[in-house]
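Accompanying notes for the structure given below.
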There are 2 protein chains.
Amino acid sequence: MKQPVQQRTLKTRARLLAAAEQVIAAQGFEALRVDQVVAIAGVAKGTFFAHFTDKDALMAQLIGSRINTALDTIEEQPTPKDVDEIVQALAPLMALMTCERYVFDVILRHSGAAMAEEIGPIAETFGRFQTVLEGWLKDGPVRRDVPVAMLAEGVGAFFIQVIALHFCALHSDVDMPARLAPWLRAWLLPPA
Amino acid sequence: MKQPVQQRTLKTRARLLAAAEQVIAAQGFEALRVDQVVAIAGVAKGTFFAHFTDKDALMAQLIGSRINTALDTIEEQPTPKDVDEIVQALAPLMALMTCERYVFDVILRHSGAAMAEEIGPIAETFGRFQTVLEGWLKDGPVRRDVPVAMLAEGVGAFFIQVIALHFCALHSDVDMPARLAPWLRAWLLPPA
DNA sequence: AGTCAAAAATGACCGTGGTCAACATAAAAT
DNA sequence: ATTTTATGTTGACCACGGTCATTTTTGACT
């Protein structure tokens, strides 16, 4: 059984990722140019596309990894007990998804698996997010007339909507936690 | 007081739009190329960008106009009386938004005003959509513990989510009305 | 008709993402 | 060691959206 990847490969990919991180740290996601990344990494342009199907795939990987980091932070916290705590707990993810319009767009575009049989890194994090939410809700003081999975998906939908609203010119001033909470209350805790 | 636009201008713009419609009819939105549009319209490339700030602006206009047509159709129908009728009534919009992944992406990208002070044609249709929904809900048999505007926005959020799910590899088989109805029921009609 | 300033059209040119046939190098087989 | 095969790399090249200095057209006012 032979090694499917050579040492070289790992090194090159690592260099590309490091270069990309460097560019992003300096200029943000949106300003990243493939040419700049390969220049810093010291490889030819073609090499980039031998490692990533396209620029989006690189972005998906980098952003997916940050989403996972945010979810790590979220999971370390104690289980939120009410809507306000849920909103509070979601802050790291919210911060990431609102840091740049471009980032939000990439996430939206990849939130469903792009192709059948192939679930990208971002789609995976959505599955994980879903699981985290279900964990919170399954023993929480919320309505029980609807399956937990559906409750969680609904929270996800409102979460996305609030972020979308943040990037909307008309609403960019209102702070987001304040916007999300009433929706979650209406969704999770309809009048008894 | 002189004419701010010349006859020429209207004619050229009309030719560009007609050319674009022709390309879309033949090959769909995603395949549209600016070069092809200007070739058919018989104008230079630069002219295109004198009439539309970018390709996206053309798309926003064409798609916005189709959304408006769909909303016209929707408004002609009698006011839906329950969730199933609401889902039914939304069919024209749903059909448009699921016709191509690209179309859905454009709509999402433009659903909030792109820039402050400038509300694009698609953002406008979202305002109209919102109004239509509020009209349906304000006298319907739905929960009243939440403002109508919020109910309507929630319907919009679930609507978008269902369409996003449609483009997700894992769920593309399930039919959408069937997916949307339970959500709307849970949102609009929590147990009394 | 002739003049002229504003409006519109032009097309060569650029930036950037992405392709691919040719080439280089590593590991396996002889 | 040498050959062979799979794997990795290269950079010239292409496609496509978008720009802008220059040229053409328009129509208002002599």
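All Cα-Cα distances of the range A:1-94, cut into 10 Å bins from zero to the largest, leave 14, 36, 23, 18, 8, 1 percent in each bin in turn.
Cβ-to-Cβ counts within 10 Å put B:HIS166, A:HIS51 in ascending order as A:HIS51, B:HIS166, the fewest first.
A Cβ-based charge dipole, computed about the Cα centre of chain B with Lys and Arg at +1 and Asp and Glu at -1, lands at about 680 debye. Charged side chains reduced to their Cβ positions (Lys and Arg at +1, Asp and Glu at -1) give the protein assembly as shown a dipole of some 1160 debye around its Cα centre. Among B:LYS55, A:LYS11, the ranking by other beta carbons within 10 Å of each residue's beta carbon, starting with the fewest, stands as A:LYS11, B:LYS55. Checked against a 21 Å cut-off, the cross-linked pairs A:LYS81/B:LYS138; A:LYS81/A:LYS138; B:LYS11/B:LYS45; A:LYS55/B:LYS45 give Cα-Cα distances beyond that limit for A:LYS81/B:LYS138; A:LYS55/B:LYS45.
Structural descriptor for the range B:38-192: relative contact order 23 percent, calculated from alpha carbon pairs under 8 angstrom and at least 6 residues apart. Stokes-Einstein at 25 °C, 0.890 mPa s, Kirkwood radius from Cα pairs: D for chain A in µm² s⁻¹? The calculation lands on 133 µm²/s.
Label-to-label distances for A:LEU10 across copies, nearest first, come out at 6.9 nm, using points 7 Å from Cα in the beta-carbon direction. Taking one quarter of the surface of the C-alpha convex hull of the protein assembly as shown gives a mean projected area of 24.8 nm². Computed over the Cα atoms of the range A:85-192, the ratio of the radius of gyration to the Kirkwood radius (Rg/Rh) comes to 0.98. Closest approach to the axis carrying A onto B, counted by Cβ on chain A and given in whole Å with its residue, is A:PRO190, 2. The residue list A:HIS110, A:LEU90, A:THR73 was ranked by how far each Cα lies along the charge dipole of the range A:1-141 toward its positive end, using unit charges on Cβ atoms, and A:HIS110 comes out on top. Each Cα pair under 8 Å and six or more residues apart adds its sequence gap; the mean of these over the residue count of the range A:133-192 is a relative contact order of 37 percent.
In a fully extended conformation the segment linking B:THR98 and B:ARG8 would gain 28.8 nm over its present Cα-Cα distance, using 0.36 nm per residue. Taken residue by residue and averaged, Cβ atoms of other chains lying within 10 Å of the Cβ of B:159-168 number 4.
In degrees, nearest 10, range 0 to 90: what is the angle between the Cα axis of helix A:101-110 and the longest Cα principal axis of chain A? Roughly 90 degrees, rounded to the nearest 10. Placing a label point 7 Å from Cα along the Cα-to-Cβ direction at A:GLY28 gives distances to the equivalent points in the other copies of 3.3 nm, listed shortest first.
Positive contributions from Lys and Arg (+1) and negative ones from Asp and Glu (-1), summed over other residues with Cβ under 13 Å from the Cβ of B:ALA178, come out at -1.
Bear in mind that the values in this text are calculations on the coordinates, not laboratory data. What you are looking at is a predicted structure, and each value in this text was computed from that prediction instead of being measured. All Cβ positions, glycine included, derive from the backbone under ideal geometry; neighbour counts span all protein chains shown.
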